[in-house]
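Notes follow the structure.
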Amino acid sequence: MMLLKESVYIFLVWGKRNLRNIWRWRYFYLLLTPTLLYFIVFSYIPFYGVVIAFKNFQPFLGIWDSPWVGWKNFETMFSSVKFPELIRNTVLISIYRIIFGFPVPILFALLLNEVRVMWFKRSIQTIAYFPHFLSWVIFGGIIYNVVGPSGIINLVLEKFGIDTINLSANPDLFRPLVVATGILKEFGWAAIIYLAALTGIDPHLYEAAKIDGASKLRQIWHITLTGIRPMIAMLLILQLGSVLDAGFEQILILSNPVVYSVGDIIDTYVYRVGLLEANYGLATAVGLFKGVIAAILIVSANHIIRRTGEKSLW
């Protein structure tokens, strides 16, 4: 009885203290509420639908009344001749994005940070950011008008009497096209975080380096890159965690049956199987597999980054 009274007393004291802190910072919690509601509605409540991966889902019966099939959907997924191809395409495109795309925003931010003419700097920023705000439907249409059968590139080739090429229907060039257009659309927006991190570097470090005779490249290598290294590590963790997310909208817009052998990824397969063929159980199983692998990758990447001495997500 004494232990129970002490536990109740401790709980009441803890609750009173936390309620006092919540009331003190009530406006900050109020600002946080829309974000919490967003993740609750769109990230946590949908977990309820994961059950579909273990059922033969029938829309008219509902989730709980649909018959259980256990691991059948996963067995179908792993035994499919299409599955190794999907994994290979998804991983390769994501790795190409990391190798060729991850350094681009960093280089852009470093170059832009050295510009001292403000009107020119702001103009370049605006031009680089703008493609991010275009949907892939619009941006993909622009790309198709450039690289398509009757696009600008082929019109120029025709003028010079050179054989035309259809880049959008060439399996050998489709992956480079996906990586290049993805970089072109997002590198300006991705550089914002690095530009913000650059503002936190102490200017006196550059002055001290100049006095010691360090060149501009030395300053960038030893001061600038060192200053934004924690941010680079954190963003690399997040990108490694999304290796199986190769860009659904982009692939869906740019791909066609001719390039499915090199461009069909997990997300587009889930779209076709789940929505077009109404095989909801298999589509959910593939999506769940992707989520589990992504969680393993992000935890592993975070552990490796932490072991190297850099700041990690947790």
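Sort through Leu235, Leu217 and tell me the only one that's farther than 30 Å from Gly62 by Cβ, crowded, with 16+ Cβ neighbours inside 10 Å and out of contact with any helix residue (DSSP H, G or I) (no Cβ under 6 Å at 6 or more places or on another chain).
Working: Leu217 fails: crowded, with 16+ Cβ neighbours inside 10 Å.
Of Leu235, Leu217, the one residue that is farther than 30 Å from Gly62 by Cβ, crowded, with 16+ Cβ neighbours inside 10 Å and out of contact with any helix residue (DSSP H, G or I) (no Cβ under 6 Å at 6 or more places or on another chain) is Leu235.
Just to check your reading of the model, which residue among Ile127, Ile201 is in a loop (DSSP other than H, G, I, E, B), within 26 Å of Phe102 (Cα to Cα), touching a residue at least 12 places away in the same chain (Cβ under 8 Å) and not acidic (Asp, Glu)?
From the options Ile127, Ile201, the qualifying one is Ile201.
With the requirement that a residue be over 24 Å from the mean Cα position of the chain (by Cα) and not in a helix (DSSP H, G or I), what does the range 207-254 give you?
Across the range 207-254, the qualifying residues are Asp212, Gly213, Ala214, Ser215.
Within the group Arg97, Arg88, which residue is in the same structural domain as Asp267 (by TED's automatic domain parsing), open to solvent by less than 60 Å² (accessible area, probe 1.4 Å) and of a type in the set (D, E, K, R)? Show your work before the answer.
On the way: Arg88 fails: open to solvent by less than 60 Å² (accessible area, probe 1.4 Å).
After applying the criteria, what remains is Arg97.
Within the range 255-274, which residues are open to solvent by less than 20 Å² (accessible area, probe 1.4 Å) and in a loop (DSSP other than H, G, I, E, B)? Walk me through how you get there before you give the answer.
Narrowing the range 255-274 to residues open to solvent by less than 20 Å² (accessible area, probe 1.4 Å): 259, 263-266, 268, 273-274.
Matches in the range 255-274: Asp264, Ile265.
Quick one: count up the residues across the range 242-254 that are buried (at least 22 other Cβ atoms within 10 Å of the Cβ) and at pLDDT below 85.
Of the residues in the range 242-254, 2 are buried (at least 22 other Cβ atoms within 10 Å of the Cβ) and at pLDDT below 85.
Could you please tell me which pairs satisfy a Cβ distance under 7 Å, a separation of 6+ or placement on different chains, a first residue in the range 59-77 that is in contact (Cβ under 8 Å) with a residue 40 or more places away in the chain, and a second residue that is part of a loop (DSSP other than H, G, I, E, B)?
Within 7 Å, the pairs are Val69/Asn56.
Being under 25 Å from Leu297 (Cβ atoms) and either surrounded by fewer than 21 Cβ atoms within 10 Å (Cβ to Cβ) or outside the structural domain of Ile99 (by TED's automatic domain parsing) (or both) narrows it down to one residue among Glu186, Glu277; which is it?
Working: Glu277 fails: under 25 Å from Leu297 (Cβ atoms).
Among Glu186, Glu277, only Glu186 is under 25 Å from Leu297 (Cβ atoms) and either surrounded by fewer than 21 Cβ atoms within 10 Å (Cβ to Cβ) or outside the structural domain of Ile99 (by TED's automatic domain parsing) (or both).
The values are calculated or read from the model by the stated rules, or taken from the named source; none is laboratory data. Worth saying up front: this structure is predicted, and the values here are computed from it rather than measured. Glycine also receives a Cβ, built like all others from the backbone with ideal geometry; neighbour counts cover every protein chain displayed. Surface areas here come from the heavy atoms of the whole protein model, side chains and all, with no ligands, DNA or RNA. Shrake-Rupley method; radii C 1.70, N 1.55, O 1.52, S 1.80 Å.
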